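This report concerns only the one structure given below.
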Amino acid sequence: MGAVTRIALACVAAALIAAGGGRAAEDYPSRTVTIIVPFAPGGSTDVLGRYEASVLQQKLGGTFIVENRTGAGGITGIVAAARAAPDGYTLLHAPTAFGLIPHLQKFVPYDALHDFAPVVLVGATNFGLVVGPRSPARSVAELIALAKQKPGELTYASAGVGTTQHLFAELFKSTAGVDIRHIPYRGTAPGLVDVMSGDVTMMFTDLGPALPMVRDGKLALIAVTTLKRSPEMPDVPTVAETLPGYEAVGWQGLLARAGTPDDILDRLNAALVPDLRSAATAERFKALGVDVRSTSRDEFRRWIEAEYDKWGKVIRAAGIATN
């Protein structure tokens, strides 16, 4: 067989593969699609994963189901998605921990930047800085001044080592140049209880569980962690108003296995974005303490890369490790 013949056959084969990929995308989904949620049912991660399944089933047809693949702080489910075939029939609903785990553990069996193809960023979790009702610090500036007067005496609670609450506080400390001691708890609720009592000075917390206590006067919300004030709480300042550039939010989004055909990824994105931009979905997310987002695939990729780099630096600077 001559060189020209071999080249011609290779071109024909490439064309057939491309055509087959196009047909696969056109027929998608032709069987059940599984969205892996790496945490237990009931939380916002699970709720948003089920939202995605519902919208995709309605818009694309076929059957979309959620599988809660729990274990190892989210690693079990993420790895299962990373090892799936790159055909769009196994997806991952990923929370913030997806990009934190590789910086916190020595061995992580997935690559957050290369094993997955971003589909869409669906939401960002609202966080705030709370203190006890009897705290002398009623603003970020007063809290920083108090911390500088009493280095190492103030404390902050978190839901555990390596959690968002922990990292958001460490970013605050480094940005403000203060020394505040970490008191880790097993979950958000016990930390908030000790902030309420005054046993712990402060806590960065997702607002969902904290707002009822704020409304009852059991906690004081002195700032939110987004760059701009919340439209729902316009009187609450941002941390960034005192510490320019400070921003710390949780996020959740949909991912596929790297190598999944672009046509399938585009179909998934196009099915979700219009619904994410609806007023009804914004209200539904708000009840979970989540701001709705709706990005292109490239925008979500850039978001993941920026968050991965940002929190990696915070983790390394603070010397945080979970194993």
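General remarks:
- In the context of the full set of protein chains, the range 167-209 has a per residue accessible area of 39 Å² (1.4 Å probe).
- For the chain, the orientation-averaged shadow of the C-alpha convex hull comes to 19.0 nm² (one quarter of the hull surface).
- The accessible surface of the chain, taken with every protein chain in place and a 1.4 Å probe, is 54 percent carbon and sulfur.
- Sum of -39500 (n - 2.57) over DSSP H runs of 4+, divided by residues of the chain (222 nm, nearest 500): -14500 deg cm²/dmol
- Degrees separating the helix 164-176 axis from the principal Cα axis of the chain, which is the longest one: 60
- Taking ALA279, ALA25, ALA81 in turn, the Gaussian network model of the chain (Cα-Cα springs below 10 Å) assigns the largest fluctuation to ALA279.
- The range 123-146 and the range 224-272: distance between their alpha carbon centers, rounded to Å: 22
- Relative contact order, percent, the range 42-182 [alpha-carbon distance under 8 Å, six or more residues apart]: 15
- Length-normalised contact order of the chain in % [C-alpha pairs under 8 Å, at least 6 apart]: 25
- Where trypsin sites (Lys or Arg not before Pro) fall in DSSP loop in the range 45-129, at most 15 other Cβ within 10 Å: ARG83, LYS106
- Normalised per residue, the accessible area of the range 222-319 is 48 Å², obtained with a 1.4 Å probe and no contribution from ligands, DNA or RNA.
- Averaging 1/r over each pair of different alpha-carbon atoms in the range 120-277 and inverting the result gives 16.8 Å, the Kirkwood hydrodynamic radius.
- Of all DSSP beta bridges in the chain, antiparallel share, percent nearest 5: 60
- What the Kirkwood sum gives for the range 48-148 is a hydrodynamic radius of 16.9 Å, with every pair of different alpha carbons counted.
- Checking the cross-link pairs LYS218/LYS310; LYS150/LYS218; LYS106/LYS150; LYS150/LYS286 against a 26 Å limit on the alpha carbon distance flags LYS218/LYS310; LYS106/LYS150; LYS150/LYS286 as lying beyond it.
- Each peptide in 95-103, 303-311 receives the mean, over its residues, of other Cβ atoms within 10 Å, and ordering these scores from highest gives 95-103, 303-311.
- Residue-normalised accessible area of the range 82-124, expressed per residue, 1.4 Å probe, Å²: 33
- Tensor-based shape of the range 232-289 (alpha-carbon gyration tensor, a/c under 1.5 rounded, otherwise prolate or oblate): oblate
The values are calculated or read from the model by the stated rules, or taken from the named source; none is laboratory data. Everything numeric here is computed off the predicted structure, so don't read it as measured data. Note that each Cβ is placed from the backbone with ideal geometry, even for glycine, and that neighbours are counted across all protein chains shown. The area values use the complete protein model at the heavy-atom level, side chains included, leaving out ligands, DNA and RNA. Shrake-Rupley method; radii C 1.70, N 1.55, O 1.52, S 1.80 Å.
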